Amino acid sequence: MNILLIGSGGRESAFAWKLHQSPLLDKLYISPGNPGTAQYGTNINIDIDNIKELVDFIKESKIEMLIVGPEKPLVEGIYDKLIKILPKLKIIGPSQKGAMLEGSKAYAKEFMKEFGIPTAGYKVFTKNQKEEALEFIDSIKTPIVIKADGLAAGKGVFITEDKESAKNNIIDIFNGKFGDAGNKIVIEEFLDGIEYSVFVITDSKSFKMLPIAKDYKRIGEGNTGLNTGGMGAISPVSFINDDLLIKTIVKIIQPTISGIWQKDIDYKGFIFFGLINVDGDPYVIEYNCRMGDPESEVVFPRLKNDLIKLLSSLYTLDLTEHTIEHNPNYAVTVMLTSKGYPEKYETTKVINNLDNIDESIIFHAGTKSVDGKLVTNGGRVLAVTSLGETKEKALEKSLKNASKIDFEGKYYRKDIGFDVE
Ligand code: AMP
Ligand code: GLY
């Protein structure tokens, strides 16, 4: 099968690595990809906003499956546009209606309310309800969580103990800080607990769970400092016992899939549940309509199934006949980042010693080739994933290789995998 994968980060490197292992793969194209994905397929540059260009490429290259890595094209309706023109194409990713679960936090909250799915208490305000939103702040207790409704590249969530800064944040959002993504806000109750990431693939009716993971979002060790796109991840997650797992399935996953079915949403792809464990009970923090990053860098290395077979089953409607097989080992990924990240960071630093790695898989997140040399090209540069019988062993391998890889200003956390909350 010929496959086109959209995206360019660590997640797409992990997808490409996994797809490459399938005997069902003929040709893999990645648009735009990065030097990491180029190890497993052919990088190409398609302007995916130009549907004609995309359709022409799919036809010419006899693409049978399109995997959409990031959320933006899904929220903008790539599925709906393509399926009309190419009804036989296996598109992995939901319709625009399904992608609203990530694309509109207000919609996601209403969906959860409708189907009785546990989540933080909330209230939605539109731009013309600014005064009501500001008054509402006076009536609630802190910490206060304010979210811009739409996609804001992970920057749309503001948590504060201080009511004045909460109000200023609301004013900023309604004044256009996140553009149209801030036409509505959700103000919600703060949940105190430990977060974890659950992934399923669904055909809109049934689902299969992939390995559970946890990412480490803060820049500093001990979960301190600024939020990032993710400094590392682990799978499995040791605090998830049978009780929490069953509650996660029964209270969260099943009613979500049932809601998708009842609302007649066409959803053939991944759902990423951002969950929080509050005293043994799971709550939804957010839905995402795609795989996580850096979670993919530990989930795919632990998934034993043939990914192409699994994804094809969303279209052949035999998902339920598949059994998900996990590698029982721990997987840990450590993200190497650029100096300055997550604020303004350095780029184009030459990366050395990548050919000197053993016992880890290197996924490229932000790299590029310049004159035959590999250089840094993002805040998050490389994800170093290792498997081990214990999390300590897995982490030790990743740290050993993280210290070998060399670029100016390299930074990474050494406590990935530990319950530091
Ligand atoms: P989101 O983009 O909705 O995932 O929010 C980003 C991060 O903000 C989450 O990963 C949590 O760490 C935090 N967060 C969001 N909502 C809440 C909440 N209701 N209570 C506590 N923390 C939250
Ligand atoms: N790791 C969080 C995300 O992919 O959004």
Flag if residue 173 is assigned to a strand (DSSP E or B), touching a strand residue (DSSP E or B) at 6+ places or on another chain (Cβ under 9 Å) and among the β-branched types (Val, Ile, Thr):
no
Of everything in segment 268-294 that's in contact with a Lys or Arg (Cβ under 9 Å, 6 or more places away or on another chain) and small (Gly, Ala, Ser), which residue is farthest from residue 155 (Cα to Cα)?
280
Per the list (1) touching a residue at least 24 places away in the same chain (Cβ under 8 Å); (2) under 18 Å from residue 395 (Cβ atoms), residue check on residue 255 breaks on (2)
Is it fair to say residue 126 is surrounded by fewer than 16 Cβ atoms within 10 Å (Cβ to Cβ) and closer than 30 Å to residue 190 by Cα?
yes
By residue number, the members of segment 188-207 that are more than 15 Å from ligand 2 (Cβ to nearest atom), aliphatic (A, V, I, L, M) and crowded, with 21+ Cβ neighbours inside 10 Å are 201
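Can you tell me which residue in segment 152-171 is nearest to the chain's Cα centre (by Cα), limited to those that are buried (at least 16 other Cβ atoms within 10 Å of the Cβ) and over 13 Å from residue 106 (Cβ atoms)? Break it down stepwise before answering.
Initially, segment 152-171 is screened for residues buried (at least 16 other Cβ atoms within 10 Å of the Cβ), giving 152, 156-158, 160, 166-167, 169-170.
With over 13 Å from residue 106 (Cβ atoms) added as a condition, the list becomes 152, 157-158, 160, 166-167, 169-170.
Working: 152: 14, 157: 16, 158: 19, 160: 24, 166: 27, 167: 29, 169: 25, 170: 26 Å.
Within segment 152-171, the match that is nearest to the chain's Cα centre (by Cα) is 152.
Every residue, every condition in (1) part of a strand (DSSP E or B); (2) out of contact with any Ser or Thr (no Cβ under 7 Å at 6 or more places or on another chain); (3) under 23 Å from residue 96 (Cα atoms), yes or no:
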position	(1), (2), (3)
131	no, yes, no
145	yes, yes, no
158	yes, yes, no
180	no, yes, yes
191	no, yes, no
195	yes, yes, no
199	yes, yes, yes
208	yes, yes, yes
Unmet requirement for residue 93, which otherwise passes all of (1) within 16 Å of ligand 1 (Cβ to nearest atom); (2) within 18 Å of residue 256 (Cβ to Cβ); (3) touching a Gly at 6+ places or on another chain (Cβ under 6 Å)
(1)
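Each row is one residue, and each column tells you yes or no for (1) among the polar types (S, T, N, Q); (2) open to solvent by less than 10 Å² (accessible area, probe 1.4 Å); (3) modelled with pLDDT of 95 or more.
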| position | (1), (2), (3) |
| --- | --- |
| 227 | yes, no, no |
| 235 | yes, yes, yes |
| 258 | yes, no, yes |
| 269 | no, yes, yes |
| 282 | no, yes, yes |
| 291 | no, yes, yes |
| 315 | no, no, yes |
Is it true that residue 157 is free of Cβ contacts under 8 Å to residues at least 24 places away in the same chain and within 16 Å of ligand 2 (Cβ to nearest atom)?
yes
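The values are calculated or read from the model by the stated rules, or taken from the named source; none is laboratory data. Since we're looking at a predicted model, the values are computed, not measured. Cβ atoms come from the backbone with ideal geometry, glycine included; neighbour counts cover every protein chain shown. To get the accessible areas, we keep the full protein, side chains included, count just its heavy atoms, and leave off ligands, DNA and RNA. Shrake-Rupley method; radii C 1.70, N 1.55, O 1.52, S 1.80 Å.
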